[in-house]
Amino acid sequence: MNAVRTNIRWKVMFAVFLIATVSYLDRTNLSVAAPVLRKELNLSPTELGVVLSAFSWSYALAQIPAGLFASWLRPRLTYLYALWLWCLLLALTTLATSFAALVLFRIPFGVAEAVTWPAASVLMSRWFPKIEYAQAMSLMNLGLVIGAAVAPPIVALILAYWGWKIAFIVTGLVAGVLGTLFYLYTKDDPADDPRVSPEELAWIRHDQVQEDHAPLPKGYIPMLLRRPSLWAVGMANFGLDFINFMFLTWYPTYLTDQYHMSLKQMGVMAMEPYIFAIITVLGAGRLVRKLTDGGMDSATARRRVIFAGLVLGTAALVVTPYVSNLYASVTAMSLGYAFVMSILGPMWSIPAELSGPRGAGFASGFVNFVGNVGGIGSPILMGVVFQRFNSFTPAILISAAITMICAVLFVLLYRAKADKEHVAGFLAS
């Protein structure tokens with residue numbers, strides 16, 4: 001039975017992991033190219049901050065409709081259309097010759113990428129039993145970290161030899177090809193996949209709530225929006241995305257401006273936060289599983305791991321500006337990122353479990369929307385502060401304070417057991 005249990009569903013998870021990896025490779029390539037674009041287009045730090053933030057404007061606004069869209073269209077077609085749209089928009093971005101043009105191309109790109117996590121949440125809720133869901137989401141979300149990790153050296157290498165336009169075209173084509181392969185070789189439901197054995201399907205279904213494809217009942221969404229736990233996860237994601245987008249957008253420029261690194265040096269050093277995050281993301285998923293196997297309920301295990309990740313990340317970021325040694329300072333900042341990112345798996349396993357399969361797309365979209373409000377503010381804050389003080393230190397300390405506030409709000413609002421019972425009772429009635 002154990003051999004059966006580790007078969008097709010983990011291959012599907014790996015395919016979604018690759019999509020997550022490429023999505024972050026595609027959205028990070030602009031930040032790696034930022035030092036070059038800043039000089040080429042004569043952008044001020046504030047203008048660069050707006051350009052780096054433009055993706056998040058539409059990405060955040062599109063989250064809730066993207067969740068509903070992914071549930072309606074189903075994940076395979078959603079990914080096929082979205083990934084080829086990424087490819088097209090990245091190719092069009094190479095035509096930009098001004099601040100306004102860059103902003104114009106980044107806004108629809110945010111819409112195109114908005115479906116990634118809602119579609120994954122819907123797909124994983126169908127392919128995994130509840131007992132494995134947090135671990136599967138941790139592994140899938142590892143793609144976020146790995147995509148961000150491989151982007152600096154890959155894009156910097158292409159930049160150094162062929163320029164930023166070729167980097168955008170190449171990474172876009174990778175997305176389109178991957179979307180086609182995903183459509184051809186996966187299924188939306190394990191029951192439709194002939195490779196899934198009856199034993200594996202029984203294991204997947206053994207603790208799942210039976211999926212109901214009927215329309216959501218009247219009043220369901222307002223009821224769900226009143227659940228404190230949904231807002232708790234949103235606040236945790238706000239803190240995560242505030243830090244995540246600070247690194248995704250400004251970290252390469254931070255390294256080149258603060259420490260005067262060359263493009264090639266930056267490409268190597270910019271990997272460190274993401275290498276650390278690979279360890280913490282995997283470790284957090286395993287820790288939740290270990291705590292639940294030891295008898296702790298899953299809600300308590302997630303709450304502890306998420307709160308600890310945000311607090312430890314805050315502490316490391318606070319230390320960063322006061323460490324004089326280059327490598328120690330970069331390491332402290334990298335650990336701050338890694339601890340915050342550790343909450344990915346436990347956090348993203350909550351929306352679908354809280355809302356049930358019928359509401360998973362909406363709940364995931366809402367959580368991503370709240371998080372990306374932080375993603376909008378972070379790049380702009382970094383640009384404005386750097387232009388005003390010619391230093392990143394105030395922005396780093398403000399970011400740490402925001403992360404700590406999010407940790408406290410998460411603990412105060414998270415009431416998973418009561419909220420799941422309320423949602424279940426509403427659907428039953």
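Any read-out appearing in this document is the output of simple, stated calculations on the displayed coordinates, not a laboratory observation. Everything numeric in this text was worked out from a predicted model, so none of it was measured. Counting neighbours? That spans all protein chains shown, and the Cβs are built from the backbone with ideal geometry, glycine included.
Quick notes on this one:
- What the Kirkwood sum gives for region 1-121 is a hydrodynamic radius of 15.6 Å, with every pair of different alpha carbons counted.
- Region 318-421: projected area of the alpha-carbon convex hull, averaged over directions, in nm²: 7.7 nm²
- Charging the Cβ of each Asp and Glu at -1 and of each Lys and Arg at +1, and nothing else, the dipole of region 133-256 about its Cα centre rounds to 540 debye.
- For the listed residue pairs 11/420; 187/218; 187/420; 11/417; 290/417; 187/290, the alpha carbons are over 24 angstrom apart in 11/420; 187/218; 187/420; 11/417; 187/290.
- Highest mean packing comes first when the peptides 171-177, 346-352 are listed by Cβ atoms within 10 Å, giving 346-352, 171-177.
- Centre separation in Å (Cα based) which lies between region 240-319 and region 111-132: 21 Å
- Taking the Kirkwood radius as Rh and the Cα radius of gyration as Rg, region 162-232 has a ratio of Rg/Rh equal to 1.19.
- Inter-part distance where region 389-429 and region 171-211 are each reduced to a Cα centre, Å: 31 Å
- Label zone of residue 46 (point 7 Å out along Cα→Cβ, amide N under 12 Å): in region 97-133 this covers no residue at all.
- Global form of region 85-203, assessed from the alpha-carbon gyration tensor, a/c cut-off 1.5: prolate
- Overall form of region 9-77 per C-alpha gyration tensor (a/c, 1.5; a/b vs b/c): oblate
- At least 27 Å along the helix axis (C-alpha) and Kyte average at least 0.0, DSSP helices within the chain: 8-40, 130-162, 164-185, 228-258, 272-293, 298-319, 360-389, 393-413
- Of the chymotrypsin sites (Phe, Trp or Tyr not before Pro) found in region 154-190, no site is in coil according to DSSP while having at most 12 other Cβ atoms within 10 Å of its Cβ.
- Relative packing of 239-247, 200-208, which averages over residues the other C-beta atoms within 10 Å, highest first: 239-247, 200-208
- Relative exposure of 398, 19, judged by other C-beta atoms within 10 Å (fewest first): 398, 19
- The charge dipole of the chain, taken about its Cα centre with unit charges on the Cβ of Lys, Arg, Asp and Glu (plus for the first two, minus for the last two), comes to roughly 260 debye.
- Kirkwood Rh and Cα Rg combined as Rg over Rh, evaluated for the chain: 0.96
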